[in-house]
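I have a structure here, written as structure tokens, and I will follow up with some questions on it.
The values are calculated or read from the model by the stated rules, or taken from the named source; none is laboratory data. This structure is a prediction, so every number in the text was calculated from the model and none was measured. With ideal geometry, Cβ positions are generated from the backbone for all residues, glycine too; neighbour counts draw on all protein chains shown. Only protein heavy atoms, including side chains, enter the accessible area calculation; ligands, DNA and RNA are left aside. Shrake-Rupley method; radii C 1.70, N 1.55, O 1.52, S 1.80 Å.
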Amino acid sequence: MKKIAVITALSISALGMSTGMSFADYTLNILHINDWHSRIESNNKYESTCSAEEEIKGECFGGAARLVTAIAAERKKLEGQNVLLLNGGDNFQGSLFYTTYKGKTEAEFLNQMKFDAMTVGNHEFDDGEDALAPFLDVIKFPVLSANVKASAAAKVGDRIKPSVVIELGGQKIGIVGAVTNDTPELATPGPNITIEDDIKTITAEVEKLKGQGVNKIIALTHVGYPRDKEMIAKIPGVDVVVGGHSHSLLSNTDPKAEGPYPTMVDNPDGYKVPVTQAASYSKLLGEFKVVFDDNGVVKEASGNPIPLDKSVTPDPQVLARIKELGAPIEELKAKQVGETTAAVDGSRESCRTRECTMGNLVSDAVLDRVKDQGVQIAFTNGGGLRASIDQGKVSMGEVLTVLPFQNTIATFQLSGADVKAALENGASQLEEGGGRFAQVAGLKYSFDRTAPAQSRIRSVEVMENGNWVPLDPNKDYLVAANNYTRQGGDGYKVFADKGKNAYDYGPGLEQTVADYLGAHNPYSPKLDGRIIDVNAAAQPAETAQTGNGTAAPAEATPAVPAPPAESNDIANTPPAVDAPAAKPGDAAPTETAKPVETANPAETPASIQAGSTHTIAKGDTYWDIAVKAYGDGAKWRRIARANPGQEVHRLLVGTELKIPAK
């Protein structure tokens, strides 16, 4: 109750001096963004780069040019008042501008916006100090984080400060920064930077500021909305929290919001602390007003984020500069790599909590690429998927926007028990939407989100010889993942500690996906039930993703793109689809799921002779023909290889197939 005690003492002292004495309130206007993620250009509804056509239609959001316009407009509106512009971190990573310029473009536009302070986010450490140090060389405002400790050997030197004091309207405002504690798992800060506990370091810095007579203190954090509410806002002496990291939409009008804007939290010292965040990707500019009494206690806080949509005209000079900076990468961005028959959902909401079509695409592409190595299982961390792809032609630029981290495919051996442990890690942060959620291929699993973390996985099966079989905890499996998670990123410590014979330098993930789209053109996104939430109202196996992201009834067995005809590796066997649940009294199912559309048995000949030919009838599939010819549907690839002119998933009725001998 220290703050209340100080207030009481000051009140008594003031009354003793003059009963007629009164103090004026102090009003502070705070503008803020967080998790910009290099969205230099504007975003479309899929959170990827907006096209010129979409701009004309008014379908674009955010981008540097809109930010410059909106910030200038709000500053003009608030002219003569006390205004702070704050940045909640993660300006790096997420577009080709970062891939190409490694932070220089972000620094240029952030300087132009004239922020008063920013905290570092975990993505500022993605390329270690090699990108962060040059960024700090040119940035013209304080960069903060109380829990970042750099050694004498660090390239960043002492340029990341724990806090800053800004004098504004005759008052001192203390701003303390912090980054998420698990930054070493999420990024690569390197050997010369240590991330200490956020609560401990913020608390110490707040006490230091209070000792300097600062009684208005803002925690500028990159730790996530849940932690801001539950921990940061309850640190004695913290008056306001401006956050980032969880991409949380807070609003008083949007029904999809995670909470009100600002969210008022009770501090143990007996006062309310406003907590704010402004979603991500510069779609919103946060703006709220805080009224302090003379003792630094928040009396009231109000506001609402400003949508940076078609109502905000992009600054023409910034657009011209973006075009100039973008010229060297336009050729790469424009290269068409494939086409999709529907939108591929890579949204944060989907890919960090359940099976998503982008997770299936990337995982399938990885597994397909390493098929000749005998790899059976592929993992993709949901947080590594940074955007969706809309229906139609797909450019390399779009693929790079989805996969901006320049990861490579890593392969290694892992026991079945450790595969399950990895899945437990993936499901351990469902409540926070943690990026570690496991998208998979060659594997299917179910989980119970209501169970305690590390005990949520209910079943795990692996594709072997065309069938799903239970994971063997004692067997070693060949596994593929990206090099980031293989080295322990996103909490996958089990990969780093238990993986054997690891090789982290395979093909680039983005090129792997681009090649896969080209080989399966047009690509049809699918949800096939490889990840089941046992508490979900509807399972993914029962729905398919439509072009607008909504769920629609799925066919009994979704069509699956054809594997290369030359392949005989298990990695190319398409995932099976669970059959509908049996009703009481039904006969037990005897067939496994098929890789292509289910044939109509009435139209399939009773027997097909191996070593002969077969005329394709309506409803035929390679699987069913293999069952008739060899008694084993898994041998369908033998027929596919013998008939290279046929599309595996679109057999042409009336044409003749060669049926190889047994």
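Provide the per-residue ³J(HN,Hα) series for the stretch 316-321, in order, calculated from phi with Karplus coefficients 6.51, -1.76, 1.60 and θ = phi - 60°, each as a whole number of Hz, with x at glycine and proline positions.
Karplus-based 3J(HN,Hα) across the stretch 316-321 equals x, 5, 5, 4, 5, 5 Hz.
Rounded to whole Hz and in sequence order, give me ³J(HN,Hα) for the stretch 429-444 from the Karplus expression 6.51 cos²θ - 1.76 cosθ + 1.60, θ = phi - 60°, writing x for Gly and Pro.
Result, rounded to whole Hz: 10, 4, 5, 8, x, x, x, 7, 3, 8, 8, 9, 9, x, 8, 9.
Right, next: Relative contact order of the stretch 96-144: what whole-number percent is it, with Cα pairs under 8 angstrom and at least 6 residues apart? Mind showing how you got there, number by number?
Working: 41 pairs, mean separation 22.9, N = 49.
Computed over the stretch 96-144, the figure is 47 percent.
Label Ser524 and Ala536 with points 7 Å out from Cα along Cα→Cβ: what is the distance between them in nm?
Taking the two extended label points, one gets 2.0 nm.
In addition: How much space per residue, in cubic angstrom, does the convex hull of the C-alpha atoms of the stretch 418-469 take up?
Values: hull volume 3.4 nm³, N = 52.
Roughly 66 Å³ of hull volume per residue.
OK, next. Taking a quarter of the surface of the convex hull around the Cα atoms of the stretch 263-370, what do you get in nm²?
On the way: hull surface 53.4 nm².
Reported value for the Cα convex hull: 13.4 nm².
What Kirkwood Rh does the stretch 312-441 have if only Cα atoms enter the pairwise 1/r average? Answer in Å. Working shown, then result.
Numbers: mean 1/r = 0.0604 Å⁻¹.
When all Cα pairs of the stretch 312-441 are included, the Kirkwood radius is 16.6 Å.
Something else: All other residues with a Cβ under 13 Å from the Cβ of Glu510 taken together, and with Lys, Arg as +1 and Asp, Glu as -1, what is their net charge?
Details: positive: Lys333, Lys335, Arg369, Arg386; negative: Glu398, Asp515.
Surrounding charge for Glu510 is +2.
A further question on this structure: For a 30 Å ceiling on Cα separation, which of these pairs sit above it: Lys256/Lys335; Lys77/Lys172; Lys283/Lys335? Write down the numbers at each step before the final one.
On the way: Lys256/Lys335 36 Å; Lys77/Lys172 23 Å; Lys283/Lys335 27 Å.
Table pairs above 30 Å Cα-Cα are Lys256/Lys335.
With every protein chain left in place, what is the accessible area per residue of the stretch 353-493 in square angstrom, probe 1.4 Å?
Values: 4190 Å² over 141 residues.
Accessible area per residue: 30 Å².
Another question about this same structure. Can you check how the C-alpha radius of gyration of the stretch 60-182 compares to 2.2 N^0.38 Å, as a plain ratio? Let's see the in-between values first.
Details: Rg = 15.1 Å, N = 123, 2.2 N^0.38 = 13.7 Å.
It is 1.10.
Kindly list the residues of the stretch 265-290 that lie in the label zone of Lys299, defined by a backbone N under 14 Å from the point 7 Å along the Cα-to-C-beta vector.
Output list for this probe position: 290.
Could you give the length gained by full extension between Lys77 and Met231, i.e. 0.36 nm per residue of separation minus their alpha carbon distance, to one decimal place?
Working: separation 154, 0.36 × 154 = 55.44 nm, distance 3.41 nm.
That works out to 52.0 nm of additional length.
What are the lysines whose alpha-carbon lies under 29 Å from the alpha-carbon of Lys500, with same-chain residues fewer than 8 places away excluded?
Filter leaves Lys371, Lys420, Lys444, Lys475.
Ok, one more. Tell me the label-point distance for the pair Lys658, Ala153, using the 7 Å Cα-to-Cβ offset, in nm and rounded to one decimal.
Rounded to a tenth, the inter-label distance reads 6.3 nm.
How long are the semi-axes of the equivalent ellipsoid of the stretch 187-275, defined as square roots of 5 times the Cα gyration tensor eigenvalues? Whole Å, largest first.
Working: eigenvalues 110, 81, 17 Å².
Each semi-axis is the square root of five times an eigenvalue, giving 23, 20, 9 Å.
While we're looking at this one, here's another question. Report the dimensions of the stretch 368-493 along its three principal axes from the alpha-carbon atoms, largest first, rounded to Å.
The Cα atoms of the stretch 368-493 stretch 42, 37, 28 Å along their principal axes.
Taking amide H positions as placed 1.01 Å from N in the peptide plane, with prolines and chain starts having none, which residues 5 or more places from Ser395, or on another chain, fall under 5 Å of its amide H?
Correct list: Val337.
Counting only residues 5 or more places away or on other chains, whose amide H sits under 5 Å from the amide H of Gly488 once H atoms are built in the peptide plane?
Placed amide hydrogens put Ala496 under 5 Å from Gly488.
Determine, at each q value in 0.13, 0.20, 0.22 (inverse angstroms), the log₁₀ of I(q)/I(0) that the Debye formula gives when each Cα of the stretch 451-507 is one equal point scatterer.
So the normalised log intensities are -0.45, -0.98, -1.07.
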